[in-house]
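Participant: First, the structure itself, so that you have it in front of you.
The values are calculated or read from the model by the stated rules, or taken from the named source; none is laboratory data. Owing to the predicted nature of the structure, the values given are computational and were not obtained by experimental measurement. As a convention, Cβ positions derive from the backbone with ideal geometry for all residues, glycine included, and neighbour counts pool all protein chains shown. SASA here: full protein model, heavy atoms, side chains in, ligands and nucleic acids out. Shrake-Rupley method; radii C 1.70, N 1.55, O 1.52, S 1.80 Å.
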Amino acid sequence: MIPKINILSKNPDNSNCKSRLKSLLSYEERIFLSKKMLTMICDEFSCLEAHKSLHLYPNINGGFIERLSKDYSLNLVQQSTGHLSTKIYSALNSYKNIDDKRIVIGSDIPSISKREFYDCIEYLNSYEMVIGPSKDHGFYLVGCKGDAHKVFKNMNLNTILLANLINICSEKSINFILLRTLKDIDEPIDLLTL
C-alpha cells in the first residue's frame with residue numbers, strides 16, 4: 001500500500017507562525033523561515049510515492065499554500081482543533097483504512113532528509129510505530145500502522161515528551177523503533193546552534 005505522509009503546520013500567510021522566535025526574528029523573517037522550512041520538507045519527500053497532506057492552522061488559504069499544494073501534489077486539510085496530541089491523532093487516523101503506513105511530521109525540521117522517510121516506511125514493515133526523536137526531548141516524526149496511533153487519543157497534551165511516548169508504547173505493548181535524533185526549530189537557541 002502507498003504510505004500517507006501528513007505535515008502539521010501553521011499557515012505562514014494567515015497565522016503568527018514561530019511566535020517563540022519573536023525576540024530574535026521580525027514577523028516577516030518568521031514568515032520567511034516558516035515558508036522555507038515547509039518547502040525544504042516538501043522537497044525531501046517529493047520523490048516518494050505517497051499520499052501527501054498538509055494539515056494547516058488556522059485555514060488552508062493563501063497564495064504560498066496554493067503554490068505549494070500544486071508544486072508538490074499536496075492535499076490541503078484544515079487542521080483539527082485542540083491539543084497537539086489531538087492533531088496528531090486526527091492526522092494519523094485519516095485514511096487509516098486506505099493506507100496501512102501513516103506518517104506525521106512537524107514543519108520545522110530543517111535537517112530532515114529522504115532517509116528519515118525511507119527508513120520510517122521500511123521500519124513499518126516490522127514495527128507498529130516509528131518515532132523520530134528531536135534534540136529538545138520531543139519528536140519530529142511519528143509513523144504508525146494499524147491502530148498504534150491510538151496512543152495519542154485522549155492524551156490531551158500540547159507538549160509530548162519522547163520519554164512519555166515511549167512509556168505509553170511500552171505499557172500498551174506497541175513495538176516501536178527510533179530514528180536518528182534531529183533538531184527542530186522552536187526557540188531562539190535552536191537557530192543560534194544550527
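Participant: Only one of Gly143, Gly106, Gly132 is open to solvent by 10 Å² or more (accessible area, probe 1.4 Å) and under 11 Å from the mean Cα position of the chain (by Cα). Can you tell me which?
Facilitator: Exactly one of Gly143, Gly106, Gly132 is open to solvent by 10 Å² or more (accessible area, probe 1.4 Å) and under 11 Å from the mean Cα position of the chain (by Cα), namely Gly106.
Participant: Residues being of a type outside the set (D, E, K, R) and in contact with a Cys (Cβ under 8 Å, 6 or more places away or on another chain): count how many of those fall in the range 97-130. Show your work before the answer.
Facilitator: Applying the first criterion (of a type outside the set (D, E, K, R)) to the range 97-130 yields 97-98, 103-107, 109-113, 117-118, 120-121, 123-127, 129-130.
Now restrict to residues that are in contact with a Cys (Cβ under 8 Å, 6 or more places away or on another chain): 103, 124, 129-130.
Number of matching residues: 4.
Participant: Could you tell me whether Ser73 is at pLDDT below 95 and out of contact with any Pro (no Cβ under 7 Å at 6 or more places or on another chain)?
Facilitator: No.
Participant: Also, I was wondering about something else. Residues being touching a His at 6+ places or on another chain (Cβ under 7 Å) and β-branched (Val, Ile, Thr): count how many of those fall in the range 58-99.
Facilitator: So the count comes out to 1.
Participant: Could you list all residues from the range 109-129 that are closer than 16 Å to Ile177 by Cβ, among the charged types (D, E, K, R) and open to solvent by 40 Å² or more (accessible area, probe 1.4 Å)?
Facilitator: Arg115, Asp119, Glu122, Glu128 - these are the residues of the range 109-129 that are closer than 16 Å to Ile177 by Cβ, among the charged types (D, E, K, R) and open to solvent by 40 Å² or more (accessible area, probe 1.4 Å).
Participant: Applying the selection to the range 109-129, what residues are under 12 Å from the mean Cα position of the chain (by Cα) and of a type in the set (A, V, I, L, M)?
Facilitator: Ile109, Ile112
Participant: Could you give every pair whose Cβ atoms fall below 8 Å, whose first residue belongs to the range 31-58 and is touching a residue at least 60 places away in the same chain (Cβ under 8 Å) and polar (S, T, N, Q), and whose second residue is open to solvent by less than 70 Å² (accessible area, probe 1.4 Å) and in a strand (DSSP E or B), counting only separations of at least 6 or pairs across chains?
Facilitator: These pairs meet every condition: Ser34/Ser9.
Participant: When you check Asn59 against the structure, is it touching a strand residue (DSSP E or B) at 6+ places or on another chain (Cβ under 6 Å) and more than 27 Å from Ala163 (Cβ to Cβ), yes or no?
Facilitator: No.
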